[in-house]
Amino acid sequence: MHNILEVRHLSAGFSARKSEVKAVDDVSLLVPEGKIVGIVGESGCGKSMTARAVMGLIRYPGRVISGSVLLDGRELVGMPEKEKRALRGSKMSMIFQEPMTSLNPVMKVGRQVEEAIRIHEKVSREEAAHRSVEILTSVGVPEAEKRCLCYPHQLSGGLRQRVMIAMAMILDPRLLIADEPTTALDVTVEAQILQLMRTLSSGGTGILLISHDLGVIAQVCDHVYVMYAGRIVESAETAELFDRPLHPYTRGLLNSVRSLRGGGDVLDTIPGVVPNLMRMPAGCGFSPRCLECREECVRDVPRLVDEGDGHLIRCFLYEGEAAE
Amino acid sequence: MLNHILRRLLQAVLVLALVALLIFLMLRVVPGNPIATMMGEHVDPAVIERMTSELGLDQPITVQFFRYILDAMKGDFGTSYSMGKPVDGLIRTAFPNTLILALCAALFAWVMGIICGTVSAVRKNSVLDRLFMGFSLLGVSVPVFMAAMMLQYVFAYHLHWLDISGVKNWKSFILPAVALGWNSAGSISRLVRSTLLEILQADYIDTARAKGRGQAGVLIFHAMRNAMLPVVTMMALQLSSLLSGAVITESIFAINGIGRLAVQAIEGRDIPLLQGTALFSTALVILGNLAADLLYGVLDPRIRKES
């Protein structure tokens, strides 16, 4: 299958007081055409930074340190800003977590939706306005023509996120990055937005969905990457990952959100917190919190190894087995 | 929206009436008989008494007040003691000078303030940023009389580019406008810089960049309009205070404006003239506030009243 997005050994971070801090460390991932690929992890694990690195929107003083990002085979790392700008909004686009603050408060919704057309194509205002009403209707905004004349504060959270999606989808991009698109919404609206994402991907768009919510990931993703402390620690098809989680971190995550069937009264938690980027452990990033931590875990970083059927795992518990 | 405007107008009238009362009362409690001051030292007390009753100053204070208010509503602010001319005429002659000076100063302040502030925000911590912010800091901290005299010294006395004082042609307004506007330029550029820096971190700026907007497009179409909200308020308020007369600048540059008229009124214990200029300035400040308020509603859809 054709891969729309191919990220290879991407590292990104900040230069702080002579030392380099990597918020994203050697991340590789694939987003195939028409698939939804998820990145799951706690806040601060580097998932948003990965997304921003792909879009070329890392905020100063952060930057891509090394690695490669291929969009439909074209290298984005090191591409001149002007060329990258031509791809943003047309070939790849992004929607953000907070639909409340991600829309310009003093600009009418219609103007914001049609903005991408006006930037990338030479069309008349009428044509652009017509197309923005069309896309708004297709993402389920009722009375789209009327809504175009509204300001963002006049719309509900769910509608605003639909507007964001319409805005991102208006030029039919190859890749859509959704950074926690449903976190700020309530559950019924979340389900609608996720349904919409599935519809979009069936149209051929590759979607990179970033979330800390395993429920969201389980509902829509075809493939999942689990990130911890800037590294990918496990990667598998969604069903495989939920059936057979291997990494102690993934198992911990799944245990902490046990379904209705699960018996106990008390939810399991993972002890400790995500390590500070400035004081990252020398070995496996998860070792300070890991119940199965061994001597080597503290000393060395485990490699990402294939456990069979493309189920990748970065843990010494499995590295030995794979080697044998 | 109309409702909102009407309510604000009503408030403005109320404030104006209150201020009129305050000005009136303050001038009555100031010690010293204005007639005696006007007439000089060696005058027959009988003459002073006759003058006092002629001007109605022997009437009860409430009668004086209502007479003053009723006359003022007809546009009659009385006759200046020291100049012997109707106050409204004096104000009308002085106002054009003040208006030109204020507009020039405001124009200087806005153009400099917005350009310096924007460049400083976009090129944060650069040499230009430091330079502009230094210029702004000087503007807000150097007193107007100091700036005025320095400008006179450099550009008039040393370089002979411009006249020291007086009004001959449009060039006569350059130095006073810069002296007067520098302060406003400083505060505007600092406000533009800080507001813009904050807005450039906003989520919708990322959204705009994700759509493919370049730096200039982001700045023009998204950041500037949002950054202008507090700035426009400040500009409107500054303009109204500039319009109400720059006492010090007008005196130093010998411009016959409202500010200078007020100084003359104070020196001459000229109650009608002082009342007139004070009331006029107040009215302008209130109008400026009103304009800022309404303009804010136009710029920011979030505070527009739903009809």
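The values are calculated or read from the model by the stated rules, or taken from the named source; none is laboratory data. Note that the structure is a prediction, hence the values are computed from the model and not measured. All Cβ positions, glycine included, derive from the backbone under ideal geometry; neighbour counts span all protein chains shown.
Quick rundown of the values:
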item	result
Filter pass, A:Val54 being of a type outside the set (Lys, Arg) and within 13 Å of chain B (Cβ to nearest Cβ)	yes
Number of positions in the range A:142-183 that are surrounded by 23 or more Cβ atoms within 10 Å (Cβ to Cβ) and of a type in the set (Gly, Ala, Ser)	3
Meets criteria (away from chain B (no Cβ under 12 Å), modelled with pLDDT of 90 or more and more than 19 Å from the chain's Cα centre (by Cα)) for A:Glu145	yes
Selected residue (only one of A:Gly44, A:Gly34 is under 20 Å from A:Pro275 (Cα atoms), assigned to a loop (DSSP other than H, G, I, E, B), within 16 Å of the chain's Cα centre (by Cα) and more than 14 Å from chain B (Cβ to nearest Cβ))	A:Gly44
Every pair of residues 6+ apart whose Cβ atoms lie under 6 Å, when the first sits in the range A:89-108 and is under 24 Å from A:Gly206 (Cα atoms) and facing chain B (nearest Cβ under 7 Å) while the second is surrounded by fewer than 18 Cβ atoms within 10 Å (Cβ to Cβ) and of a type outside the set (Val, Ile, Thr)	A:Phe96/B:Asp203; A:Glu98/B:Asp203; A:Ser102/B:Asp203
Test result for B:Thr277, of a type in the set (Ser, Thr, Tyr), under 30 Å from B:Arg7 (Cα atoms) and in contact (Cβ under 8 Å) with a residue 40 or more places away in the chain	yes
Criterion violated by A:Ser28 - all others in (1) part of a strand (DSSP E or B); (2) of a type in the set (S, T, N, Q); (3) surrounded by 19 or more Cβ atoms within 10 Å (Cβ to Cβ) satisfied	(3)
Yes/no for A:Ile170 being β-branched (Val, Ile, Thr), touching a helix residue (DSSP H, G or I) at 6+ places or on another chain (Cβ under 7 Å), within 24 Å of A:Ile119 (Cα to Cα) and free of Cβ contacts under 8 Å to residues at least 60 places away in the same chain	yes
Hits in the range A:170-181 - residues which are closer than 17 Å to A:Val37 by Cα and either at pLDDT below 90 or more than 10 Å from every other protein chain (Cβ to nearest Cβ) (or both)	A:Pro173, A:Arg174, A:Leu175, A:Leu176, A:Ala178, A:Glu180, A:Pro181
Meets criteria (assigned to a helix (DSSP H, G or I) and facing chain B (nearest Cβ under 10 Å)) for A:Arg131	no
Any hit, the range B:231-251, residues being farther than 28 Å from A:Ile170 by Cβ, more than 14 Å from every other protein chain (Cβ to nearest Cβ), touching a residue at least 24 places away in the same chain (Cβ under 8 Å) and among the acidic types (Asp, Glu)	yes
Pick from the range B:186-214, criterion among the polar types (S, T, N, Q) and facing chain A (nearest Cβ under 9 Å), ranking: nearest to B:Leu128 (Cα to Cα)	B:Gln201
Flag if A:Ser66 is closer than 24 Å to A:Met1 by Cα and assigned to a strand (DSSP E or B)	no
Residue within the range A:71-80 that is buried (at least 21 other Cβ atoms within 10 Å of the Cβ) and either at pLDDT below 90 or within 15 Å of the chain's Cα centre (by Cα) (or both) present	no
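Matching residues to (1) at pLDDT 85 or above; (2) in contact with a Ser or Thr (Cβ under 6 Å, 6 or more places away or on another chain); (3) buried (at least 22 other Cβ atoms within 10 Å of the Cβ):
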{"residue": "B:Gly217", "(1), (2), (3)": "yes, no, no"}
{"residue": "B:Ile220", "(1), (2), (3)": "yes, no, no"}
{"residue": "B:Arg225", "(1), (2), (3)": "yes, no, no"}
{"residue": "B:Ser241", "(1), (2), (3)": "no, no, no"}
{"residue": "B:Thr249", "(1), (2), (3)": "yes, no, yes"}
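Condition check ((1) small (Gly, Ala, Ser); (2) closer than 30 Å to A:Ser90 by Cβ; (3) surrounded by fewer than 21 Cβ atoms within 10 Å (Cβ to Cβ)) across all residues:
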position	(1), (2), (3)
B:His158	no, no, yes
B:Gly166	yes, no, yes
B:Trp170	no, no, yes
B:Trp182	no, no, no
B:Ala185	yes, no, no
B:Ser194	yes, no, yes
B:Thr207	no, yes, no
